Amino acid sequence: MDRHYVNEHQIVDRYLRDELTAEEQAEFEAFYLSDQETLAELELAEKLQAGLQAGAAQGLLPPAVRPNRFVRIITSPQWAAAASVLLAVTLVFSGFQYSRQQAVPDFSTPQLVPIYATRGPDVVEVPRGQEGAWVVLLVDPGFEPYDDYRAKITATPSRAVVWEAQDLEPGYEELLAIGVAGSVLQPGDYVIHIEARSGADGFVEISRMPIRVP
Amino acid sequence: MTEAVSPQTDEQAAAADLVTRIARGDPAAETELWNRYSRGLLFLLRRRTGDPDLAEDLRQDTFQVALEKLRAGGLDDPQKLAAYLRGIAVNLAIGNHRKRVRRNTEPDSDKVAEAPDEHSNPQEEASRDEVGEAVKRLLDELGVSRDRDILRRYYVDEEDKVRICAELDISATHFNRVLFRAKQRFRALLLRAEREDKLELVDK
């Protein structure tokens, strides 16, 4: 067991809910005994659960609302897929004008790649886009909402900017869709930098995610 | 033909080193053993027993049993030190539970609820207040009511994740993301509360 496995399989929450098998539980307990970061996650999740339960008892958290039929339709997976693609196509045009790529990408074969920030040095592997195709990286901008987002991708270790875009807005499921021509992401290591600002404040970097194209 | 050997992790190497040094009689290694595993053992025992004081006692017992064994010559597989400590702790917790059942000294839950909380102290109260405040702010900041529903149904109503996803028609990845982001924000709020506390103490 390692941190990646723990994150991937929601072991922390499942442990707190007694949903692990006896074998998984034994393995996880031995793991967190010696992994301070996982132990800290565990303590945090336990506090959050206890806090939410206390909050619910005090009326801070209203009873869950069952969605009506209309909400179920617009949040269905089919709609989600369509919305993601539409959003991505919109954004790829806005982002493309800042791109240094000259070739017009092929919009008929998109690859949607969700990328989530994780703690630690985990690198997300992004499949290499076919020549002429384009890749849409769906990036979680974080919890705190901002008015304005911009993003750039830099190569590692040269830090050269290979792609950048401004005026991004979180769309479906509050993700930033970053459309990149497949040819931009040649095999190698990169970092996605997300910057944001509110009102008249300057941009601050809110997220930095290492990715690798094998 | 060579056999494939999985690389030794840092934890395994550190554990093997600790076991060797304790067997050699190095007192610093015993302190290191405590520093490395005591917090996790306390968490584990608290979850197993539901009693913070008993968990403290059992943690001491766990180290005592482990040190006797380690001083006497170590472990067959020193790399599995964490699993070994975990095994002792779990056995002690089970043994203690059996003893209590035999003696029929299980506390009456109604009486416990009525009894004054002798364990509470100002520091714990402050920490509980901080958690409460952080949760309140977290809920205030959640812009999407569906996210609030997800937290409520998962952490408070303890509903099954698959069922929540099906009823809200959301993907498992979106569900995971809501939890992940809520925890990140909650952590930041708690850290800020701790920092403000420290500043207040300095001012005083």
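Each reported figure results from applying straightforward, stated rules to the coordinates on display, with no laboratory input. These numbers come from a predicted model, not from an experiment. Reconstructed Cβ throughout: ideal geometry from the backbone, glycine too, with neighbour counts over all protein chains shown.
Ranking B:PHE43, B:LEU33, B:LEU70 by Cα position along the charge dipole of the range B:23-82, where only Lys, Arg, Asp and Glu carry charges on their C-beta atoms, puts B:PHE43 farthest toward the positive end. Counting, for every residue in B:155-164, the Cβ atoms of other protein chains within 10 Å of its Cβ and taking the mean gives 4. Note on A:GLU27 and A:ASP167: with the Förster distance fixed at 51 Å, the Cβ-Cβ geometry gives a FRET efficiency of about 0.65. Per residue of B:128-141, other chain Cβ atoms within 10 Å of the residue Cβ number 4 on average. For the range A:1-57 versus the range B:75-96, the spacing of their alpha-carbon centroids is 19 Å.
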